[in-house]
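Okay, so here's the structure we're looking at.
The values are calculated or read from the model by the stated rules, or taken from the named source; none is laboratory data. For clarity, every value in this text was computed on a predicted model and none was experimentally measured. Counting neighbours? That spans all protein chains shown, and the Cβs are built from the backbone with ideal geometry, glycine included. Note: accessible area is taken over every heavy atom of the protein model, side chains too, but ligands, DNA and RNA are not part of it. Shrake-Rupley method; radii C 1.70, N 1.55, O 1.52, S 1.80 Å.
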Amino acid sequence: MKKLCVITLAGWLLTTGNQVMAQCSLCTKTAQQLGEGPAKGLNNGILMLALTPLAIIGFLAFRWWQSNKHA
């Protein structure tokens, strides 16, 4: 089960990485003014900053699920 979860998560991250390029309106205007290369860097930076809180929430949810599974 653990291997399946890891494989599913890795596959999801690899397939959705290029599709998740949403930005706020201010970041979009800034990226448009910078050009193609720096705009991609800005997108990657936004995604990297979002990854840490999502990973923490995912870890806490997993621990909660794991503790309730045995109860």
Among the residues of region 26-71, what is the count of those that are open to solvent by 90 Å² or more (accessible area, probe 1.4 Å) and more than 24 Å from VAL6 (Cα to Cα)? 7
Mind checking whether some residue in region 16-38 is modelled with pLDDT of 70 or more, of a type outside the set (S, T, N, Q) and under 10 Å from the mean Cα position of the chain (by Cα)? no
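Among residues belonging to region 42-68 that are of a type in the set (Gly, Ala, Ser) and more than 15 Å from the chain's Cα centre (by Cα), point out the one that is farthest from ALA10 (Cα to Cα).
Kept after step one, since they are of a type in the set (Gly, Ala, Ser), are these residues of region 42-68: 45, 50, 55, 58, 61, 67.
If we keep only those that are more than 15 Å from the chain's Cα centre (by Cα) too, we end up with 61, 67.
Working: ALA61: 18, SER67: 24 Å.
If we take residues in region 42-68 being of a type in the set (Gly, Ala, Ser) and more than 15 Å from the chain's Cα centre (by Cα), then SER67 is farthest from ALA10 (Cα to Cα).
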Specify which of the listed residues (GLY11, GLY41) is modelled with pLDDT of 80 or more, small (Gly, Ala, Ser) and part of a helix (DSSP H, G or I). GLY41
So which pairs qualify, if the first residue must be in region 14-37 and of a type outside the set (D, E, K, R), the second must be surrounded by 13 or more Cβ atoms within 10 Å (Cβ to Cβ) and modelled with pLDDT of 75 or more, the Cβ gap must be under 6 Å, and the two must be at least 6 apart or on different chains? MET21/ASN43; ALA31/ALA39; ALA31/LEU42
